[in-house]
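Beneath this line is the structure, given in structure tokens, with notes to follow.
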Amino acid sequence: RATARSTAAPCPKSRRSARGWPRERARVLHSPVLGLRATRGRSTSLAELRLLSAGSMIWEQGFEHSVHAVRLLQDAGVACSYRIVGAGDHTPAVAYARHHLGVTARVELVAPDGSDQLASELSQADVFVDPAVTDTTSPAGVEAALASGLPVVATAGEHRDLGAGGITVPRRDPHALA
């Protein structure tokens with residue numbers, strides 16, 4: 001039996017208790033937003049919309065849905081590129097989705113290489129996309145994007161409040177993400 005449970009976001013008492021976790025054994029890990037001093041490198045040209053996602057390559061992130069959204073944008077005539085920064089067990093599934101949907105040239109899977117990478121990636125992006133399909137994913141990428149002033153498109157979640165910095169869309173809905 002585990003001695004403690006760490007989550008990336010606060011879990012409501014009722015949900016924690018329902019899952020059998022004693023309150024005294026749960027703790028929340030808050031991800032610091034570091035290195036956001038990079039200057040936004042966005043171009044003034046609207047030649048290509050640059051999308052970015054960051055997080056562990058796990059099924060809960062829902063990256064297949066955002067890859068599908070890129071296909072929908074391409075079909076609608078919107079020139080875009082999409083970088084997904086992350087690594088994990090679900091990488092082959094996301095790679096297959098981009099191949100199957102014919103967007104391999106537009107969707108790049110980038111392995112994380114350091115603590116300043118997110119700031120650099122954010123400075124080059126036009127929109128941050130968080131296609132999570134559960135409430136169990138880390139909010140660090142969204143928090144970093146919002147802190148840097150980057151617009152965010154994210155799926156609706158239990159504790160999701162983007163304020164004026166973004167919009168929420170239904171989960172598992174590539175059309176809404178697009």
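The values are calculated or read from the model by the stated rules, or taken from the named source; none is laboratory data. Owing to the predicted nature of the structure, the values given are computational and were not obtained by experimental measurement. For neighbour counting, all protein chains shown are included, and Cβ atoms are generated from backbone atoms with ideal geometry for every residue, glycine included. Surface areas here come from the heavy atoms of the whole protein model, side chains and all, with no ligands, DNA or RNA. Shrake-Rupley method; radii C 1.70, N 1.55, O 1.52, S 1.80 Å.
Numbers at a glance
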{"item": "Candidates 116, 126, 161, filtered to the one that is free of Cβ contacts under 8 Å to residues at least 40 places away in the same chain, among the charged types (D, E, K, R) and farther than 13 Å from residue 63 by Cα", "result": "161"}
{"item": "Filtered residue count, the range 78-112, keeping only those that are part of a loop (DSSP other than H, G, I, E, B) and in contact (Cβ under 8 Å) with a residue 12 or more places away in the chain", "result": "13"}
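Quick grid of which residues meet (1) open to solvent by 50 Å² or more (accessible area, probe 1.4 Å); (2) within 17 Å of residue 135 (Cβ to Cβ); (3) at pLDDT 95 or above:
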position	(1), (2), (3)
12	no, yes, no
17	yes, yes, no
25	yes, no, no
34	yes, no, no
64	yes, no, yes
70	no, no, yes
80	no, no, yes
84	no, no, yes
102	no, no, yes
